[in-house]
1. Just name the residue that is most open to solvent (accessible area, probe 1.4 Å) out of those in region A:248-270 that are facing chain B (nearest Cβ under 9 Å) and polar (S, T, N, Q).
2. Which strands (runs of 3 or more DSSP E) sit wholly inside region A:110-179 and have at least 3 residues that are hydrophobic (A, V, I, L, M, F, W, C) and within 20 Å of the chain's Cα centre (by Cα)?
3. Among B:V97, B:V91, which is under 30 Å from B:W44 (Cβ atoms) and more than 9 Å from chain A (Cβ to nearest Cβ)?
4. Here is a check on your reading of the model: is B:G237 touching a strand residue (DSSP E or B) at 6+ places or on another chain (Cβ under 6 Å), under 22 Å from B:K263 (Cβ atoms) and surrounded by fewer than 23 Cβ atoms within 10 Å (Cβ to Cβ)?
5. Quick check: anything in region B:248-269 free of Cβ contacts under 8 Å to residues at least 12 places away in the same chain and of a type in the set (V, I, T)?
6. Keeping to region B:76-109, report how many residues are in a loop (DSSP other than H, G, I, E, B) and more than 30 Å from B:D52 (Cα to Cα).
7. Scan region A:195-212 residue by residue and report those that are touching a helix residue (DSSP H, G or I) at 6+ places or on another chain (Cβ under 8 Å) and either among the acidic types (D, E) or open to solvent by less than 40 Å² (accessible area, probe 1.4 Å) (or both).
8. Is it the case, given these coordinates, that A:S183 is surrounded by 21 or more Cβ atoms within 10 Å (Cβ to Cβ) and either more than 17 Å from A:C98 (Cβ to Cβ) or within 20 Å of the chain's Cα centre (by Cα) (or both)?
Protein chains: 2
Amino acid sequence: MRVTFCCTDTKAQPWLEGLKAALPGAEIEGWKPGAPAADYAVVWAPPQQFLDEQKQLKGIFNIGAGVDALTKLRLPAGVPLVRLDDAGMSVQMAEYVCHAVIRHFREFDAYEADVAAGKWSYRKPSTRSDFPVGVMGLGVLGTRVAQALRQFDFPVQGWSRSAKTVAGVQCFSGDAGFQDFLSATRILVCLLPLTPDTENIMRRDTLQKLRPGGYVVNVARGGHLVDEDLIALIDSGHLAGATLDVFRTEPLPPAHPFWNHSKITLTPHTSARTLRDESIAQIAGKIRALSSGTPFASLAGLVDLKKGY
Amino acid sequence: MRVTFCCTDTKAQPWLEGLKAALPGAEIEGWKPGAPAADYAVVWAPPQQFLDEQKQLKGIFNIGAGVDALTKLRLPAGVPLVRLDDAGMSVQMAEYVCHAVIRHFREFDAYEADVAAGKWSYRKPSTRSDFPVGVMGLGVLGTRVAQALRQFDFPVQGWSRSAKTVAGVQCFSGDAGFQDFLSATRILVCLLPLTPDTENIMRRDTLQKLRPGGYVVNVARGGHLVDEDLIALIDSGHLAGATLDVFRTEPLPPAHPFWNHSKITLTPHTSARTLRDESIAQIAGKIRALSSGTPFASLAGLVDLKKGY
């Protein structure tokens, strides 16, 4: 068995070593143009040339939860695509989102500014029931985030394409439920996959539906958010601010207005990092399962290309 | 029935109105020197004169979880003392501590500084198993904090005076367990009551036992921590830093070195604020229970004066 590794923004060596250790019988190689045909590919944001050349793939494993960097390419017909299924990401997402929500709710930025100015300040505590959090996307990541927020007694609602049930979370679904979900939400958390249906989902007319003092936490993809609409709604006072980890262009271009906006907190796509050891263990485990006859259909993380995630 | 209210740092009027609404049959009055004898007192940090004058109290209700401002006074013999039992505090503590722990573990301060300097930075993710969190004090607040931290998959251990059991938390107790608790801990969270036994519990010789890169979160009382020892151990590199909400003198004096220390985050005693409505409801409920014959011994929050909490 031959496994090829093609990842545009990561040092290949540790991944190759890890995959070799986890799949001792296999030939594991970093992809170069003209490389021999492999059985399985482990990829992140490969070039179109990679897919065009590798004609004998039985399956493609994506190092990440979101497959939008793959689905925007011409994919080889009939080759199953498998994304990471948690692999240490959901706990990082829960951390990142809870930190952002608590920091906003508890005004820790304002306290920090007061302290920097030498002020021992008093701020009236906000009321938890005035800060309902709405999580868009209730897959592995969104579900864990929603449950983590419930630990802090926030009212939490969720929205997903198809109807779901999450304990303690009021669930809305589909187009029919979207307006009610938005108007019940003050802090909006985006954990959706990026597909043609969800692109630009956070734009003026949707963000305007949030409760006054709305706040946006985007940990999905930059393409979900219309940047100018967010800034306009913050500057007009309808939204209180945002915490953003993902952007249309990454790294965020130096001239982008997000960099210096006082009400926007940004981080460099660090909310849930691919953890190499966990990811290698998961992918190698799936390859071993396939080798012993397990069908793709029973693998967690198999992408439904019609849905796009 | 007469209830007297004596609270040195809060506007009395809303408390008096709330107590009147919750106890319609009772006379509720703010205390002044020479006021008539009351049956019950609702207090925060009253002067000694208050206790010396009020000779007929059947019980004293403390507006707060910690009773150290009372136990340092000469208390009337035989009068039960009842502290707040949660009343909305444990969720605030869980928020505050999880925010501080996540912020340190995920290096969000450093990311923020990078962003302020216009840098899109990469930082190698830390490993969760290298950041065991130790919670000192496993009462209502400490238990909730420990459980909230477990949600984020941190290894969590607890230490308390007497042996306790908390699901998912390795529990140590008493003097015998203290050294093992410290040496297994990297992030130390203090939620102890302040008593002669726990005063100065965080000092050079105890903080030195923490794992390298140790970090201190103090949300209990300033008297638990020897300020100079903390600063010396941070400056020598043994400790990575601290998040402090409580101080020996509050407001923290302007000349105190904590104000400008780059590795110390401080907040103005805001980790868990007394929530007026919840507190009034709880205290009034206990007074009603007492009036209908419930004994003090069955009230949650009854203070054991021998233990001091």
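The values are calculated or read from the model by the stated rules, or taken from the named source; none is laboratory data. In this text, all values refer to a predicted model and were calculated from it rather than measured experimentally. Glycine gets a Cβ as well: all are built from the backbone with ideal geometry, and neighbour counts include every protein chain shown. Side chains included, ligands, DNA and RNA excluded: accessible areas come from the protein's heavy atoms. Shrake-Rupley method; radii C 1.70, N 1.55, O 1.52, S 1.80 Å.
1. Taking region A:248-270 and keeping what is facing chain B (nearest Cβ under 9 Å), we get A:250-252, A:254, A:259-260, A:265-270.
With the extra rule that they be polar (S, T, N, Q), the set shrinks to A:260, A:265, A:267, A:270.
Working: A:N260: 137, A:T265: 46, A:T267: 10, A:T270: 5 Å².
Filtering first and then ranking leaves A:N260.
2. On the way: elements: A:133-136, A:156-160, A:170-173.
Result: A:133-136.
3. So the residue among B:V97, B:V91 that is under 30 Å from B:W44 (Cβ atoms) and more than 9 Å from chain A (Cβ to nearest Cβ) is B:V97.
4. Spelling it out, it is not the case that B:G237 is touching a strand residue (DSSP E or B) at 6+ places or on another chain (Cβ under 6 Å), under 22 Å from B:K263 (Cβ atoms) and surrounded by fewer than 23 Cβ atoms within 10 Å (Cβ to Cβ).
5. Just the residues of region B:248-269 that are free of Cβ contacts under 8 Å to residues at least 12 places away in the same chain, to begin with: B:253-255, B:259-260, B:262.
Subsequent filtering for residues that are of a type in the set (V, I, T) retains none.
No, region B:248-269 contains no residue that is free of Cβ contacts under 8 Å to residues at least 12 places away in the same chain and of a type in the set (V, I, T).
6. Residues of region B:76-109 that are in a loop (DSSP other than H, G, I, E, B), as a first pass: B:76-80, B:84-88, B:106-107.
If we keep only those that are more than 30 Å from B:D52 (Cα to Cα) too, we end up with B:88, B:106-107.
Count: 3.
7. Let us first name the residues in region A:195-212 that are touching a helix residue (DSSP H, G or I) at 6+ places or on another chain (Cβ under 8 Å), namely A:195, A:198-204, A:206-211.
Those that are touching a helix residue (DSSP H, G or I) at 6+ places or on another chain (Cβ under 8 Å) and either among the acidic types (D, E) or open to solvent by less than 40 Å² (accessible area, probe 1.4 Å) (or both): A:T195, A:T198, A:E199, A:I201, A:M202, A:T206, A:L207, A:L210.
8. Details: surrounded by 21 or more Cβ atoms within 10 Å (Cβ to Cβ): no; either more than 17 Å from A:C98 (Cβ to Cβ) or within 20 Å of the chain's Cα centre (by Cα) (or both): yes.
So A:S183 fails the test.
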